[in-house]
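Below: the structure, in C-alpha cells.
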Amino acid sequence: MSVQTITSPDAIRTLFSTAMSEMYRTEVPAYQTLVELVEEVNAAVLAADPAERHRLEAAGGLARITEERHGAIRLGTAQELSTMRRLFAVMGMQPVGYYDLSEAGVPVHSTAFRPVDEEALSRNPFRVFTSLLRLDLIADEALRQEAERVLAARSIFTPGCIALIEKAEVDGGLIDEDAARFVAEALETFRWHSKANVPLDLYNRLHDAHRLIADVVSFKGPHINHLTPRTLDIDVVQRLMPEKGIAPKAVVEGPPTRRCPILLRQTSFKALSEPVDFRDGDSWRAGVHTARFGEIEQRGIALTPKGRALYDTLLQDSRRLVAPAADGSNAAQYMSALVEVFAPFPDSWDEIRRQGLGYFTYSLTEAGRRTPPAPGADLDALIESGLVRFDPVVYEDFLPVSAAGIFQSNLGDDAQQDFTASPNQQRFEADLGAPVLNPFDLYAEIERASIAACLAAK
Ligand code: OOG
Ligand code: NI
C-alpha cells in the first residue's frame, strides 16, 4: 500500500496563487501588460544595483518578488466570511489586522489573509485583502432587507470546495490529488460572472445607495477585483504605464519616494466598464458594471508602533497641507508636500534601527560564522565589529488610508459619501469566527527569533 503524504499548505497556496493569476490574465488583459511592465522594471532595477540584488539574495528575498501578488475580494455575509477563513486556512493563510474603512466613506471593514511565519512568507507571501459589507451602515431599511434577502439566498462556495475544506480540517491537510481538486474548486468562488444575480432595477437602487453595495450584492460570488504584482520601483512603473496604454491614478498612495522604502506604496488604474446581463423576467437585459481594476505596489520595511505612529502623524500633516483632489488636479503639489513633511523620518537603515522605528532580521556574517558570538554577547557590539548584519523585515500588510484611496478611485468621484466612523472589530471577529492576529506581534517575533538564532549559533 502506498502511503499518501499531506501536501504542505505553502504548496497549495502557490498552486492557488498561480491559478488565480492565470485566470485574471485571461479575464483582464491589462493585468498581463502590468505584470510584464513590472518584470521589466524589476530586472532593470536589479541590473543597475548589484548591491541591492546581493542584499535581497542574501536575505532570501529575491526569489519571492517576481511571483508575489495580492488580491482583494468583498463579501456579503458573516457566513461567507467565516467559510472564507476556513478556505484560506487550508493554504496556510491567517487573518491579520483589522481595517475600518467606514471612516473613509466605504461601508466595509476588512482583514488580510496571509501566511504569517518567515519561512512560509519567503516561499510565497500571497495575500488577500478581504472586506465584509456593512449593511448596518445603509440608511434605507427596505433596501437593506432586500439586499439581505439576495445575499442569504446565494452560496458562493461549490459543494466540492466545502467538502474538501472539511476533509482538510479533519485530516490535518490534503493529499496531492485532493489539493489539486481543492484549488480548482476554490477558484470558482473568485471567478467573474457576467450574468448578474438581480434585475437591473434592483442593481440601480443598490448602486444609488453605494456602488460597493451593488458590487457585492448583485453577483453570484465575490469576483477577485484586482491582483497586484510587487515592483522594486513604483515611480518608474507609474511613469511608464501610459506608454503601455494604461492610465494610472494621479497620486501614489502611501509614503513618498525614499532611499529606504517604508511600509507600502501603491498605485492603480481605474476599474473597467464591463458588459453584464441582468435578470429581466425569464430573459436577460444588457447593462454594465465597473469593479475590476489593476494595481501595483512597492513594499518597504515593517515599522514598529513608534515608527508607525510617526508615519501616521506625517501622513496626516501632509494631507492637512494639501488634500489630494479626487480628479488628480493637485497631484504634483500633494507629492511635493509629502516629500517635505516626511523629511524628519530618518532615511538610512542604520538610523531607522537606532531609533527603534522599524523591524529587522539579524544574521551572522561570514566572519560571524567563523567566530560565533558568545552567549549573551551585545548585539550592537557584534554589528559594530562586523560579525552580525541586519536586514529590513518586509511589511506584509496594508494601510487603511491607502486602501480607502484605492477604493475611492475605483468608485468614481461621485461616490464620496459620509458615514460616521464606526470601527467594530468585535463584530468583525464574531462574524469571522476567530480573532484577527496583531501584525506588530508577528513582526516582533520574526525579529526576536533572528536575534536568538544569532546568539545561539555554535
Ligand atoms: C480593496 C482595496 C484595498 C489595497 O491594496 O489597499 C486594497 C478593494 O477594492 O476591495 O486592495
Ligand atoms: Ni490592493
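Which distance in Å, rounded to a whole number, links the C-alpha centroids of the range 215-272 and the range 302-328?
Centre-to-centre (Cα) distance: 18 Å.
How much FRET efficiency would the formula 1/(1 + (r/R0)^6) give for Asp327 and Ser82, where r is the Cβ-Cβ distance and R0 is 35 Å, rounded to 0.05?
Using R0 = 35 Å, I get an efficiency of 0.30.
List the extent of the Cα atoms of the range 189-283 along each of their three principal axes, largest first, rounded to whole Å.
59, 26, 25
I'd like the FRET efficiency for Glu141 and Thr18, computed as 1/(1 + (r/R0)^6) with the beta carbon distance as r and R0 of 41 Å, rounded to 0.05.
Step by step, r from the Cβ atoms, then E = 0.40.
Once you list every other residue whose beta carbon is under 12 Å from the beta carbon of Leu132, what net charge do they have if Lys and Arg are +1 and Asp and Glu are -1?
Once positives and negatives cancel, what remains is -1.
Under a Cβ-Cβ cut-off of 14 Å, what is the net charge of the residues other than Ala367 that fall near it, where Lys and Arg count +1 and Asp and Glu count -1?
+1
How big, in percent, is the set of alpha carbon pairs in the range 286-385 lying more than 22 Å apart?
Details: 2777 of 4950 pairs.
Cα-Cα pairs in the range 286-385 separated by more than 22 Å: 56 percent.
Counting other C-beta atoms within 10 Å, which of Asp380, Asp391 has the fewest, and how do the rest follow?
Fewest-to-most ranking of Asp380, Asp391: Asp380, Asp391.
Over the range 10-51, what number does the Rg to Rh ratio reach, with both radii from the alpha-carbon atoms and Rh per Kirkwood?
Values: Rg = 13.5 Å, Rh = 11.8 Å.
Rg/Rh for the range 10-51 comes to 1.14.
Please list, by residue number, everything in the range 8-35 whose backbone N is under 17 Å from a paramagnetic label point 7 Å out along Cα→Cβ of Asp117.
Hits in the range 8-35 for Asp117 at 17 Å: 8-14.
Treating the range 312-436 as a set of equal point scatterers at the Cα positions, no solvent, please give the Debye-formula log₁₀ I(q)/I(0) at q = 0.14 Å⁻¹.
-0.89
Cut-off under 19 Å on the C-alpha distance; same-chain residues fewer than 8 positions from Lys195 excluded. Which lysines are left, in chain and number order?
Lys220
Can you tell me what the convex hull of the Cα atoms of the range 276-318 projects to on average, as an area in nm²?
6.4
Could you check what % of the DSSP bridge pairs in the range 253-344 are antiparallel, to the nearest 5?
Among the beta bridges of the range 253-344, antiparallel pairing accounts for roughly 95 percent.
May I ask you to list the aspartates and glutamates whose Cα is less than 16 Å away from that of Lys249, ignoring any residue fewer than eight positions away on the same chain?
Asp235, Glu295, Glu297, Asp327, Asp413, Asp414
Order 248-256, 439-447, 288-296 from most to least packed using the mean count of other Cβ atoms within 10 Å.
248-256, 288-296, 439-447
Name the residues whose placed amide hydrogens come within less than 5 Å of the amide hydrogen of Val276, ignoring near sequence neighbours (fewer than 5 apart) on the same chain.
Distant-sequence amide H within range of Val276: Gly287, Val288, His289.
Can you show me the helix-derived [θ] at 222 nm for the chain, built from DSSP H runs with n ≥ 4 at -39,500 (n - 2.57) apiece and divided by the number of residues, rounded to the nearest 500.
Values: 20 runs with 220 residues, N = 458.
So the calculated ellipticity at 222 nm is -14500 deg cm²/dmol.
Round to the nearest 0.05 the FRET efficiency obtained for Asn204 and Gln355 when R0 = 60 Å and r is the Cβ-Cβ distance.
Efficiency computed from Cβ-Cβ geometry: 0.65.
Taking the Cα centre of the chain as the origin, how large is its charge dipole in debye, to the nearest 20, when only Lys and Arg (+1) and Asp and Glu (-1) carry charge on their Cβ atoms?
220
Taking a virtual spin label 7 Å from the Cα of Arg427 along the C-beta vector, which residues in the range 143-163 bring their backbone nitrogen under 18 Å of it?
The answer is 143-149, 151-152, whose backbone nitrogens lie closer than 18 Å to the label point.
May I ask you to sort Ser131, Ser155 by Cβ crowding, counting other Cβ atoms within 10 Å and putting the fewest first? Intermediate results must be reported in sequence, preceding the final value.
Values: Ser131 24, Ser155 14.
Least to most surrounded, the residues fall as Ser155, Ser131.
Net charge near Leu121: determine it from the other residues with C-beta under 11 Å of the C-beta of Leu121, scoring Lys and Arg +1 and Asp and Glu -1.
-1
With a point put 7 Å past each Cα toward its Cβ, work out how far Lys306 is from Ala343 in nm, to one decimal.
2.4
Among Pro372, Leu37, Ser422, which residue has its Cα positioned farthest towards the positive end of the charge dipole of the chain, with +1 placed on the Cβ of Lys and Arg, -1 on the Cβ of Asp and Glu, and the dipole taken about the Cα centre?
Pro372
Sticking to Cα atoms, compute the Rg of the range 96-156 to one decimal and its Dmax as the biggest Cα-Cα distance, whole number, in Å.
When restricted to the Cα atoms of the range 96-156, Rg and Dmax are 16.0, 49 Å.
What is the ratio of the Cα radius of gyration of the range 320-371 to 2.2 N^0.38 Å, where N is its residue count, to two decimals? List each step's numbers first, then the result.
Details: Rg = 19.0 Å, N = 52, 2.2 N^0.38 = 9.9 Å.
Cα Rg divided by the expected 2.2 N^0.38 Å: 1.92.
At q = 0.14, 0.23 Å⁻¹, what base-10 log of I(q)/I(0) does the Debye formula yield for the range 3-130 when every alpha carbon is treated as an equal point scatterer in vacuo?
-0.79, -1.33
What share of the DSSP beta bridges in the chain is antiparallel, in percent to the nearest 5?
80
If the only charges are +1 at each Lys and Arg Cβ and -1 at each Asp and Glu Cβ, what is the size of the charge dipole of the range 267-309 around the Cα centre, to the nearest 20 debye?
Values: 7 positive and 6 negative charges, 94 e Å.
The calculated dipole for the range 267-309 is roughly 460 debye.
Using the alpha carbon gyration tensor of the chain, what are the three equivalent-ellipsoid semi-axes (square root of 5 times each eigenvalue), largest first, in whole Å?
Working from the Cα gyration tensor, I get semi-axes of 38, 28, 21 Å.
Values in this text are rule-based calculations from the coordinates and carry no lab data. As the structure is a computational prediction, the values presented were derived from the model and not from experiment. Heads up, the Cβs are rebuilt from the backbone with ideal geometry, glycines too, and the neighbour counts pull from every protein chain shown.
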